[in-house]
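The values are calculated or read from the model by the stated rules, or taken from the named source; none is laboratory data. None of these values were measured; they are calculated from a predicted model. FYI the Cβ positions are ideal-geometry reconstructions off the backbone, even for glycines, and counts take in every protein chain you see.
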Amino acid sequence: MTNAPARAKALRLGSLDPLDLVSLGILAAGLVSWATGALPNGDALDSLARVAPLILFLGTVMAMVAIVQASQLFDIAALGLARFARGSHAALFAACVLLAAATTAFLNLDTTIVLLTPVMLALAAVTRAPALALAMTTVWLANTASLLLPVSNLTNLLAADRIGLGPLDFAARMWAPQLAVLAATAACLWIGFWRRRHRERDRYLVPAGRPHIEDRRLFWTAAAVCAGFVLAVVADVPIQLVSTAAAAVLIGYCLVRRRHLLTAELLPWRLIALTAGLFLLVPTVMRHGGDTLVAALAGGGEGDAGMFQAGLTAAGLSNLVNNLPAYAAVESVIPAGREDALLAVLIGANVGPLILPWASMATLLWFDLVSGRRPGVPENQLLRVPIGRFTAMGALLAVTGTLVGLAVLVWL
C-alpha cells in the first residue's frame, strides 16, 4: 500500500499549480502569435534558434541535479557547512552569503542555483535551520551578486560585447555597485528571513556522526561530474554543453545501475514551456508597438537622471517578461556612445528581477528545485514557498538594490 507522504507527493506532481498554468498560457499565446502571423515565421524561427541553447541547458541541468541529489553528495556538503558554522545562525548566514556571492561572481548565477540550492535544503533538513532563509539566500544572491564579471550573467556578456569591455575593465566599473548591492541583499536577507523571530531556536543543531552512503559508486561519480562541471564553467565552455555532458554521464550510470531514477520527472517541462513562450511572445509585442513604449519608458539614458530611468525601466520590464528579453529590449533603445547608461540597464536587469517567479531563468530554476518535482527528494527537503512573502520581500530588495547600485554607478 502506498504511504500517505508518497500519495501526497504524487498528488502534487500530478496537479497543475499557478506557475504551471502561467507557463502553459504564455506558451499558448506565443504559439498563437506565430500561427496567426503576428510574429512572422522567419522571426519566430530566429527567436527559437537563439533560445535553443538555453532550453538545452534547462533540460539537461535539471536531470543532472536530480541524479546528484540521489547520490547524497548535497547531503555531505550540507553536513560540512553545518559543522563549519558550529551552531551559530550568524556564522551560518555569513558563510552562506559569502559562498553564494563568490559562486555567482566567479562562476555564474546558474551554477549557484544548481549546486547550492540543494545543499541549502539538505542543510535545513539536518540542522532544523529555517529552510526558507537558506533557500532565499541562493535565489537572491544568484541574481544580485551577478554584476562583477562578464561570466557572472549572460546579460553581462551582452553588455560587455556592446561596450567593448574586457573582464578587468568590466570589474573596474562594476565592483563598487556590486558591493553596494551585496550590502543591501545581506541586510534584506537578515531582516526578512534570518533574524531571531524567523527561527525556532537560538542555535541550530550540529549533526553528529557520518551519514551512510547507499551507493558509493554513484556518490563518487556525482562528485566527479560536479567537479568537472565547475572546471568546465571556469574554462568558459558553453554552459549548455557542460550540462549536457554532465547529464549524459549520470544518465549513463543510471541506465546501468539505478534505472528507477530515470523518470519523466527529470524533464522540466514548465521551464521549457515558459522559456519558449516568452521568446515568441516578447518579440511579437515589440513588433506591434512595444518598441515605442520601451523607448518612451527608458528614455535615451542621457545624464544621471537618464541612467536611473533606463535602469529602473529594465528592472520593471524584467519582472513582467523575464530579464533576458527585457535587457535586450531596453538596450536596443539606448543610443551608441552611452556606455554608462548600458551599465545602468544591466543593474536593473540583474538586480531587479526578484519579484515574480518568471523574472529570471535563475529564479525559475530555483522554483523547480525547491518544489520537490525531482525524483529521489526526501519529504523533509521539500519547501513550500509563500508567494505573497516572496513577492513582497523581493519587491523591497529589487527597489532598494537597484537604487543603491544605480546611485553608486552614477556617483563614481
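See the values below:
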quantity	calculated
Residues (closer than 24 Å to L364 by Cα and either polar (S, T, N, Q) or touching an Asp or Glu at 6+ places or on another chain (Cβ under 9 Å) (or both)) located in segment 35-57	S47, F57
Matching option when the condition is basic (K, R) and crowded, with 19+ Cβ neighbours inside 10 Å, among R338, R287	R338
Leading residue by the ranking (modelled with the lowest pLDDT) among those in segment 103-114 that are in contact with a Ser or Thr (Cβ under 7 Å, 6 or more places away or on another chain) and in a helix (DSSP H, G or I)	T111
Pairs with Cβ under 9 Å, 6+ apart, first in segment 200-226 and charged (D, E, K, R), second exposed (fewer than 12 other Cβ atoms within 10 Å of the Cβ) and in a loop (DSSP other than H, G, I, E, B)	R203/R86
Candidates D75, D46, filtered to the one that is free of Cβ contacts under 8 Å to residues at least 60 places away in the same chain, surrounded by fewer than 24 Cβ atoms within 10 Å (Cβ to Cβ) and among the acidic types (D, E)	D46
From the options F193, F219, F229, residue that is within 29 Å of V22 (Cα to Cα), assigned to a helix (DSSP H, G or I) and modelled with pLDDT of 85 or more	F193
Within segment 298-307, tally of residues that are at negative phi, surrounded by fewer than 21 Cβ atoms within 10 Å (Cβ to Cβ) and of a type outside the set (D, E, K, R)	3
Among (1) part of a helix (DSSP H, G or I); (2) surrounded by 20 or more Cβ atoms within 10 Å (Cβ to Cβ) - the single one A176 does not satisfy	(2)
Restricting segment 67-92 to residues that are over 11 Å from F219 (Cβ atoms), over 21 Å from the mean Cα position of the chain (by Cα) and of a type in the set (G, A, S), the residue that is modelled with the highest pLDDT	A91
Residues that are of a type in the set (S, T, Y), within 21 Å of T185 (Cβ to Cβ) and assigned to a helix (DSSP H, G or I), drawn from segment 118-164	T137, T138, T144, S152, T155
Qualifying positions in segment 82-102 - out of contact with any helix residue (DSSP H, G or I) (no Cβ under 6 Å at 6 or more places or on another chain), under 14 Å from R128 (Cα atoms) and either polar (S, T, N, Q) or assigned to a helix (DSSP H, G or I) (or both)	R83, S88, H89
Members of segment 17-71 found to be assigned to a loop (DSSP other than H, G, I, E, B) and among the polar types (S, T, N, Q), listed by number	S71
Residue that is farthest from L116 (Cα to Cα), among those in segment 211-243 that are surrounded by 19 or more Cβ atoms within 10 Å (Cβ to Cβ) and hydrophobic (A, V, I, L, M, F, W, C)	L218
Residue list for segment 33-81, filter: charged (D, E, K, R) and over 30 Å from Y204 (Cβ atoms)	D43, D46, R50
Residue within segment 244-265 that is among the polar types (S, T, N, Q), surrounded by 23 or more Cβ atoms within 10 Å (Cβ to Cβ), assigned to a helix (DSSP H, G or I) and under 21 Å from the mean Cα position of the chain (by Cα) present	no
Check on V32, without any contact (Cβ under 8 Å) to a residue 24 or more places away in the chain and of a type in the set (V, I, T)	yes
Qualifying helices (runs of 4 or more DSSP H) (wholly inside segment 281-396; at least 2 residues being touching a residue at least 60 places away in the same chain (Cβ under 8 Å))	303-321, 323-331, 339-351, 361-370
